[in-house]
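Asks: Structure in structure tokens, see below.
The values are calculated or read from the model by the stated rules, or taken from the named source; none is laboratory data. Predicted model only: the values in this text are computed from it and were never measured. Virtual Cβ from ideal backbone geometry, glycine too; neighbours counted across all protein chains shown.
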Amino acid sequence: MSTTTSPQTWRDWLLTDTPASRAQAAWGGRYRLWRDFTANKLAMAGLAVIVAMALAALLAPLLAPYDPGVQDLTNRLARPSAAHWLGTDELGRDLYARILFGGRVTLGMVVAVVALVAPLGLAIGCIAGYYGGIADRLLMRVTDVFLAFPRLILALAFVAAIKPGITSAIFAIVLTAWPPYARLARAETLSLRGTDFIAAVRLTGAGSARIVLRHIIPLCLGSLVVRVTLDMSSIILTAASLGFLGMGAQPPSPEWGAMIATARRFILDQWWVPTIPGVAIFLISLAFNLLGDGLRDVLDPKQR
């Protein structure tokens, strides 16, 4: 007798209304979320674009036919051709190679920002919402101060106070991006703080830190993931804007915003030079917006 479990059997195991264990219930819930997400074609298209661009950036040394920093002044501002698929810039550098390596810079900045800003905003919001009192008032007033400044202006001021560069741009974006996550986490925590299950956990002798770490934060992650995904496009645009204004990645780094800045004077005659990095920014920003909309439909209980 064959012991191989058919795909239909696994599907039945995941979708059963009477799970035999917590693991089965957890995996069944994840499968239902994935099934609902895959039904959204636009969200899947956004996910496909993000995965494709991330893989292209990671495999840039293998995919790029030229070194992104090598100059060829005899072939400057060449039109797209078989030799240079996306043409060359004002210094004869291959635009296709620079777009691939530029994806490493731009997407790397985004990943670094998210890795710093999401835990920071989540921690501040959960602490303010759970403890309340003076901690809540103090943390929220600090949050309001940061929200009072336009994000790009505050980021520019921070970078100018230190020194232009990728590291400064990352910390500048983190400095301006955490307040919305803190406000969201605080609102979620306030709605959970007085619930019966939190009171029951408190009666078992669990301390405040354990309640926040083990019970409050996991319940806030769903809405935080949706907000982070939707904010990815604004983070990308902020990073590109800093590069465009000369405050982010510095030449000859192939960052997309900096590429547009150096090529903007050719927009009328050699339109492909500034347009191609602009299209890359547009595609990845649109993809993250589509992905965020799909995740919101799946993870937000009000949408279901």
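Asks: Kindly provide the set of residues from segment 117-159 that are assigned to a loop (DSSP other than H, G, I, E, B) and within 18 Å of Ser234 (Cβ to Cβ), ordered by number. It would help to see each step written out before you state the result.
Replies: First, pick out the residues of segment 117-159 that are assigned to a loop (DSSP other than H, G, I, E, B): 132, 148-150.
Answer for segment 117-159, where residues must be assigned to a loop (DSSP other than H, G, I, E, B) and within 18 Å of Ser234 (Cβ to Cβ): Ala148, Phe149, Pro150.
Asks: Could I ask something else about it? Report the residue count in segment 113-149 for those that are among the small types (Gly, Ala, Ser), closer than 21 Å to Ala54 by Cβ and surrounded by 18 or more Cβ atoms within 10 Å (Cβ to Cβ). It would help to see each step written out before you state the result.
Replies: Pass one, segment 113-149, residues among the small types (Gly, Ala, Ser): 115, 118, 121, 123, 125, 128-129, 132-133, 135, 148.
Still in the list and also closer than 21 Å to Ala54 by Cβ: 115, 118.
Those left that are additionally surrounded by 18 or more Cβ atoms within 10 Å (Cβ to Cβ): 118.
Residues meeting the conditions: 1.
Asks: Of the residues Leu192, Leu242, which is closer than 22 Å to Val159 by Cα, more than 16 Å from the chain's Cα centre (by Cα) and either part of a helix (DSSP H, G or I) or free of Cβ contacts under 8 Å to residues at least 40 places away in the same chain (or both)?
Replies: Values: Leu192 fails: closer than 22 Å to Val159 by Cα.
None of the others qualify; the one that does is Leu242.
Asks: Please go through segment 195-239 and pick out each residue that is without any contact (Cβ under 8 Å) to a residue 12 or more places away in the chain and in contact with a His (Cβ under 9 Å, 6 or more places away or on another chain).
Replies: The answer is Ala206, and nothing else.
Asks: The conditions are (1) surrounded by fewer than 21 Cβ atoms within 10 Å (Cβ to Cβ); (2) closer than 20 Å to Val113 by Cα; (3) at pLDDT below 90; (4) hydrophobic (A, V, I, L, M, F, W, C), and Leu242 fails exactly one of them. Which is it?
Replies: (1)
Asks: May I ask you to verify whether Val113 is β-branched (Val, Ile, Thr), modelled with pLDDT under 90 and out of contact with any Gly (no Cβ under 7 Å at 6 or more places or on another chain)?
Replies: Working: β-branched (Val, Ile, Thr): yes; modelled with pLDDT under 90: no; out of contact with any Gly (no Cβ under 7 Å at 6 or more places or on another chain): yes.
It is false that Val113 is β-branched (Val, Ile, Thr), modelled with pLDDT under 90 and out of contact with any Gly (no Cβ under 7 Å at 6 or more places or on another chain).
Asks: Can you tell me which residue in segment 201-232 is nearest to the chain's Cα centre (by Cα), limited to those that are among the hydroxyl-bearing types (Ser, Thr, Tyr), surrounded by fewer than 20 Cβ atoms within 10 Å (Cβ to Cβ) and in a helix (DSSP H, G or I)? Break it down into steps so the answer makes sense when it comes.
Replies: Kept after step one, since they are among the hydroxyl-bearing types (Ser, Thr, Tyr), are these residues of segment 201-232: 204, 208, 223, 229.
So of that shortlist, the ones also surrounded by fewer than 20 Cβ atoms within 10 Å (Cβ to Cβ) come out as 204, 208, 223.
Still in the list and also in a helix (DSSP H, G or I): 208, 223.
Values: Ser208: 30, Ser223: 14 Å.
Out of the qualifying residues, it is Ser223.
Asks: OK, next. Search segment 139-167 for residues that are among the hydroxyl-bearing types (Ser, Thr, Tyr) and pair each with any residue that is at pLDDT 85 or above when their beta-carbon atoms are under 7 Å apart and the residues are at least 6 apart or on different chains.
Replies: What qualifies is Thr143/Pro179; Thr143/Ala182; Thr143/Arg183.
Asks: Consider Arg76 carefully, then state whether it is touching a helix residue (DSSP H, G or I) at 6+ places or on another chain (Cβ under 9 Å), without any contact (Cβ under 8 Å) to a residue 40 or more places away in the chain and of a type in the set (D, E, K, R). Can you show your working first?
Replies: On the way: touching a helix residue (DSSP H, G or I) at 6+ places or on another chain (Cβ under 9 Å): no; without any contact (Cβ under 8 Å) to a residue 40 or more places away in the chain: yes; of a type in the set (D, E, K, R): yes.
Judged against the criteria, Arg76 is not a match.
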